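The values are calculated or read from the model by the stated rules, or taken from the named source; none is laboratory data. Everything numeric in this text was worked out from a predicted model, so none of it was measured. A quick note on method: Cβ atoms are made from the backbone with ideal geometry, for glycine too, and the neighbour counts reach across all protein chains shown. Surface accessibility is based on the protein's heavy atoms, side chains included, excluding ligands, DNA and RNA. Shrake-Rupley method; radii C 1.70, N 1.55, O 1.52, S 1.80 Å.
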Amino acid sequence: MKWADLHVHTALCRHARGEMHSFMLAARHAGLDLGFADHAPARRGFDPENRMDRKTFPEYTDTIVRIREAAPDLRIFMGAEADIYSGFEDELGELRSAFEIDYIIGSVHYVDGVFVFSGSPLVLPDSDTRRIIRRYFELLGEGIQSPLVDIAGHLDAVKWIFPHNREDIEAAALDFLDAVSCAGKAVEFNTSGWRRGQGEPFPGIHLIEAAAERGLPICLGSDAHQPDQVGYAFARAAEILMKFGYGPGNHRGLPMWLPIQKADRVR
Ligand SMILES: [Zn+2]
Ligand SMILES: [Zn+2]
């Protein structure tokens, strides 16, 4: 069974580079199927410099359909990475009803205006740090409980700005994994943590193991922002997943990694 990269961005979000077609060529070269998951249009005024605007979305979906026709040897999925913020369902609901979207990765990038995906540690009073971590996981939880969201994106990304609060983050992440399990959803194994100098993926290996203990479907995502990042470190990720008893399979029509018995059953 072929593996897939379900998390790649495109130039349409204004901070990634490369033609969409080039991402397909990169996936083909890497022997992977491909899911586009560019930053979905969000509420008006929500980080407009780094998000696709609603008017551009039809160009995005049309291009994916054309690439699908040009590459019958690959499975090409139409996804999007949606920001979870309070009231996100208004915009996302409209998008999902207007387009044939295969899946949504729900991610939190901003908490009360704080960019949690910034890559540089943030020093704040303890109470603020704890509040932001708590709110981050509240939002993520609202996302995964929404019928509009299928996959929890880079779920412990808040560790990036708060590297000294690992214990709090891990405890909240474990509770969150229980919520993913209850909701019957999936989590992402986002390899960009390695690429971004984190020394571990998003989420960390501990949490991947905890997701595996819960039997959660796991998808691989590179979070590529240029074509040569497609499938980044997937062999390393797959080795970890196999160690936890996982194999490639399908979950609700999407290429995911599943506990071996389930992966066999759906083959
Ligand atoms: Zn991005
Ligand atoms: Zn993201």
Residue check: is VAL187 aliphatic (A, V, I, L, M), surrounded by 17 or more Cβ atoms within 10 Å (Cβ to Cβ) and within 16 Å of ligand 2 (Cβ to nearest atom)?
yes
What is the one condition in (1) more than 16 Å from ligand 2 (Cβ to nearest atom); (2) closer than 22 Å to SER120 by Cα; (3) not in a loop (DSSP other than H, G, I, E, B) that SER181 does not satisfy?
(2)
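Within the group ALA82, ALA70, ALA26, which residue is open to solvent by 30 Å² or more (accessible area, probe 1.4 Å) and among the hydrophobic types (A, V, I, L, M, F, W, C)? Talk me through it step by step, then tell me what you get.
Values: ALA82 fails: open to solvent by 30 Å² or more (accessible area, probe 1.4 Å); ALA26 fails: open to solvent by 30 Å² or more (accessible area, probe 1.4 Å).
Of ALA82, ALA70, ALA26, the one residue that is open to solvent by 30 Å² or more (accessible area, probe 1.4 Å) and among the hydrophobic types (A, V, I, L, M, F, W, C) is ALA70.
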Can you tell me which residues in the stretch 81-111 are in contact with a strand residue (DSSP E or B) (Cβ under 6 Å, 6 or more places away or on another chain) and not in a loop (DSSP other than H, G, I, E, B)?
GLU81, ALA82, LEU92, TYR103, ILE104, ILE105, GLY106, SER107
Cβ pairs under 7 Å, 6+ apart, first in the stretch 111-126 and touching a residue at least 24 places away in the same chain (Cβ under 8 Å) and more than 23 Å from ASP223 (Cβ to Cβ), second assigned to a loop (DSSP other than H, G, I, E, B) and open to solvent by 40 Å² or more (accessible area, probe 1.4 Å):
none
Restricted to the stretch 20-44 and to residues being assigned to a helix (DSSP H, G or I) and of a type in the set (A, V, I, L, M), the residue farthest from ligand 2 (Cβ to nearest atom) is LEU25
Go through (1) out of contact with any Cys (no Cβ under 8 Å at 6 or more places or on another chain); (2) within 15 Å of ligand 1 (Cβ to nearest atom) for ASN50 and report which single condition fails.
(1)
Can you find, within the stretch 30-67, the residue that is modelled with the highest pLDDT among those that are among the polar types (S, T, N, Q) and open to solvent by 20 Å² or more (accessible area, probe 1.4 Å)?
THR63
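Being touching an Asp or Glu at 6+ places or on another chain (Cβ under 9 Å), assigned to a loop (DSSP other than H, G, I, E, B) and more than 16 Å from ligand 2 (Cβ to nearest atom) is the filter here; which residues of the stretch 1-19 pass it? Break it down stepwise before answering.
First, the residues of the stretch 1-19 that are touching an Asp or Glu at 6+ places or on another chain (Cβ under 9 Å): 2-16, 18.
Now restrict to residues that are assigned to a loop (DSSP other than H, G, I, E, B): 2-3, 9-10, 14-16, 18.
Those that are touching an Asp or Glu at 6+ places or on another chain (Cβ under 9 Å), assigned to a loop (DSSP other than H, G, I, E, B) and more than 16 Å from ligand 2 (Cβ to nearest atom): LYS2, TRP3, GLY18.
Keeping to the stretch 33-49, report how many residues are in contact (Cβ under 8 Å) with a residue 24 or more places away in the chain and within 21 Å of LEU148 (Cβ to Cβ). If you could, list the steps in order and put the result at the bottom.
Pass one, the stretch 33-49, residues in contact (Cβ under 8 Å) with a residue 24 or more places away in the chain: 33-43, 46-47, 49.
Remaining after also requiring within 21 Å of LEU148 (Cβ to Cβ): 35-43, 46-47.
Of the residues in that region, 11 qualify.
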GLU94 open to solvent by 10 Å² or more (accessible area, probe 1.4 Å), over 19 Å from THR191 (Cβ atoms) and within 16 Å of ligand 1 (Cβ to nearest atom):
no
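Results for (1) free of Cβ contacts under 8 Å to residues at least 40 places away in the same chain; (2) surrounded by 17 or more Cβ atoms within 10 Å (Cβ to Cβ); (3) within 18 Å of the chain's Cα centre (by Cα); (4) not in a loop (DSSP other than H, G, I, E, B), shown as yes or no for each residue.
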position: GLU209; (1), (2), (3), (4): yes, no, yes, yes
position: ALA212; (1), (2), (3), (4): no, yes, yes, yes
position: LEU216; (1), (2), (3), (4): yes, yes, yes, no
position: LEU220; (1), (2), (3), (4): no, yes, yes, yes
position: GLY231; (1), (2), (3), (4): no, yes, yes, no
position: ALA237; (1), (2), (3), (4): no, yes, yes, yes
position: LEU241; (1), (2), (3), (4): no, yes, yes, yes
position: GLY247; (1), (2), (3), (4): no, yes, no, yes
position: MET256; (1), (2), (3), (4): no, yes, yes, yes
